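Undergrad: Before I ask anything, let me first share the structure, which is written out below as structure tokens.
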Amino acid sequence: MELLDYQTLYQEILQQLESLEAIVLATCAAEKVTARTMCPVNEGLQIFFGTNASSEKAAQMRRQPRIALAAGNMQIEATARLLGHPDSQPAFKKRYVEKYPQFGDLYPTTPDSLVVAAYPSVIKLYKYKGGPCEEVLDVSGQKAYRNRF
């Protein structure tokens, strides 16, 4: 394990999050694992997305809030928190419409709409630096390091 500068890796991950058009969300409950593609927005490392309160993924997150997200070379372990209807989350709605103007008028605001926040504990970037490795941002522990394989 090689120690890395936390802020440098944090900024690299932040840039990747801000440029994402899609991210895969994996949820699990009652021994059933599911994955689907979401359109994320972020504030710092916190990742937000919308769904329906009656969806399978919402039901799974209510039972088991530990989730995983993945995009490109990035893998995220996080805890989900169901925040409520988009009308109660104006910052999310604004950011979503700014990032996805093509969906702005289509964004669902039915009574069943739900905003979810993902709070990362660990974010890994898989890379090749003279060999395969992962760069790990341990958000909970406030440290960054590289593991070589």
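Undergrad: So which residues in the range 44-59 are touching a Pro at 6+ places or on another chain (Cβ under 8 Å) and either at pLDDT below 95 or more than 12 Å from Tyr119 (Cβ to Cβ) (or both)?
TA: Once the filter is applied, which keeps residues that are touching a Pro at 6+ places or on another chain (Cβ under 8 Å) and either at pLDDT below 95 or more than 12 Å from Tyr119 (Cβ to Cβ) (or both), the range 44-59 yields Phe49, Gly50, Asn52.
Undergrad: Go through the range 23-42 residue by residue and tally those that are touching a strand residue (DSSP E or B) at 6+ places or on another chain (Cβ under 9 Å), open to solvent by 10 Å² or more (accessible area, probe 1.4 Å) and of a type outside the set (S, T, N, Q).
TA: Residues that pass the stated criteria total 8.
Undergrad: Would you check if Arg62 is open to solvent by 60 Å² or more (accessible area, probe 1.4 Å) and either at pLDDT below 95 or assigned to a helix (DSSP H, G or I) (or both)?
TA: Yes, satisfied.
Undergrad: Another one. Where the second residue is at pLDDT below 95 and the first is open to solvent by 40 Å² or more (accessible area, probe 1.4 Å) and lies in the range 116-132, which pairs have Cβ atoms under 9 Å and are six or more apart or on separate chains?
TA: Partner pairs satisfying both residue conditions: Pro132/Phe149.
Undergrad: Please specify each residue of the range 85-106 satisfying the condition of being within 18 Å of Leu25 (Cβ to Cβ) and either modelled with pLDDT under 85 or charged (D, E, K, R) (or both).
TA: Matches in the range 85-106: Arg95, Lys99, Phe103.
The values are calculated or read from the model by the stated rules, or taken from the named source; none is laboratory data. Bear in mind that the values here come from a model prediction, so they are computed numbers and not experimental data. Note that we place each Cβ from the backbone using ideal geometry, even for glycine, and neighbour counts take in every protein chain shown. Protein only, heavy atoms only, side chains kept; ligands, DNA and RNA dropped before computing areas. Shrake-Rupley method; radii C 1.70, N 1.55, O 1.52, S 1.80 Å.
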